[in-house]
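Asker: Just passing along the structure, written as structure tokens.
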Amino acid sequence: MTTRRTGSLLFLAAIFFTQSGYNDCTGDVLHDPGFDVWCGDHLCSWDVEKGDVRKAPTWHESDLGVELVGDDAAISQLSLDPPVTCLRFSLVADVSEDATVTLEMDLDADGTVEYERAVPTSHWAELDYRVELEGQSDILFRLRKTGSGRAVLAQIRAVRDDPECGGDTVATERPLGADCAGFFGADDAVCAAGVCTPGQFACGECRDDADCDGGSVCGLEARVAPPLEPYRSCVAPASRGLGEMCAVDGECAGGVCCEGFCSGCCGEPSDAVCEPGRSCVADPDAPPGEHWCSPGDGAPGDACRRDQQCASGACAGGEPMMVCTSDGRPCAVDDDCPLAGQGGECIEAGRTGGRCR
């Protein structure tokens, strides 16, 4: 039974990749460039970001395309191919005069659109052009339609082309928090700010305190939306409270950054700073990964994040600390977190600026 089922799944997968038009040997980087593969009333390989889609006839009765429905509609697909230096686009569409269709490319899928080109008003005319990139992977392709008119897409192919491209050049200056790992390590050249933090491999504003002015320290800016990562930034000294993400001791109010979180102590050597009978441990019950002296017997007025850190059993004041279960970054809603909908949730994890009663 297992062998039969496995064979069936492989057969179905072969059908999907054949009909989807994806062919790595020919250089195609998009699945289903002809909008032929549907899962019910939605495309299997394209995500609907706004508006709606439906099957629509094209110039030939046996060929169906996709109509973008609504005054603001968009579909997208993420390509995770190896680095691309040149893409040749081929588009066929039926776009009326009261509709505007644009092709967008979001390099690194970080929310910044680096390339945008309008699809001209046409009735099944084919548009071909090239785009030159600087060795780019992880590209989010988006087709967006605005206006009340009709827009039916019959095909969009994106094919790897000759390295001597000769097309539009797209700069790949990546924003703060974008991945900047190069073949030989941190690559400053790809970052808009010119700094790729070694080890972290995220575009940042500084590498160390010497890069900062006005007495600030090179800490961590953690309030960023995925897919961007927390990045090194110049922050006020002692501006982070217990449980907040950090990069260096100087940005924590208590002077201790332990394994990426402002803490009351750090590891076994820090047992010496804890009262007799207490030891420095990682918070065992809830994110983030703060370390503190356990069991808690904080005196009235001592900094705290959770009730368990206080002798009175009550940590009060400040504001609720909302963090992502996936990595501890601050958040307001689940969508602020990596892996939202797949285990990444925004939860209350104590108090920010709390004090023991």
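The values are calculated or read from the model by the stated rules, or taken from the named source; none is laboratory data. Source: prediction; values computed, not measured. Glycine also receives a Cβ, built like all others from the backbone with ideal geometry; neighbour counts cover every protein chain displayed.
Asker: Has segment 193-206 got any residue that is on the phi < 0 side of the Ramachandran plot, surrounded by fewer than 19 Cβ atoms within 10 Å (Cβ to Cβ) and touching a Cys at 6+ places or on another chain (Cβ under 7 Å)?
Answerer: yes
Asker: Within segment 118-138, track down each residue that is charged (D, E, K, R) and in contact (Cβ under 8 Å) with a residue 40 or more places away in the chain. Full working, then the answer.
Answerer: At the first step, the residues of segment 118-138 found to be charged (D, E, K, R) are 126, 128, 130, 132, 134, 138.
Across segment 118-138, the qualifying residues are Asp128, Arg130, Glu132, Glu134, Asp138.
Asker: Could you tell me whether Ser79 is within 28 Å of the chain's Cα centre (by Cα), assigned by TED's automatic domain parsing to the domain that holds Ala109 and among the hydroxyl-bearing types (Ser, Thr, Tyr)?
Answerer: Criteria met by Ser79.
Asker: Given the criteria touching an Asp or Glu at 6+ places or on another chain (Cβ under 9 Å), outside any loop (DSSP other than H, G, I, E, B) and closer than 17 Å to Ala158 by Cβ, does Asp106 qualify? Spell out how you get there, then give the answer.
Answerer: On the way: touching an Asp or Glu at 6+ places or on another chain (Cβ under 9 Å): yes; outside any loop (DSSP other than H, G, I, E, B): yes; closer than 17 Å to Ala158 by Cβ: yes.
So Asp106 fits the description; yes.
Asker: Name every residue in segment 296-323 that is touching a helix residue (DSSP H, G or I) at 6+ places or on another chain (Cβ under 7 Å) and surrounded by 16 or more Cβ atoms within 10 Å (Cβ to Cβ), in order of residue number.
Answerer: Matches in segment 296-323: Gly296, Gly298, Cys315.
Asker: If you don't mind, another one. May I ask you to say which residue of Glu134, Glu61 is under 27 Å from the mean Cα position of the chain (by Cα) and either surrounded by fewer than 18 Cβ atoms within 10 Å (Cβ to Cβ) or within 15 Å of Val159 (Cα to Cα) (or both)? Full working, then the answer.
Answerer: Details: Glu61 fails: under 27 Å from the mean Cα position of the chain (by Cα).
That would be Glu134, the only listed residue that is under 27 Å from the mean Cα position of the chain (by Cα) and either surrounded by fewer than 18 Cβ atoms within 10 Å (Cβ to Cβ) or within 15 Å of Val159 (Cα to Cα) (or both).
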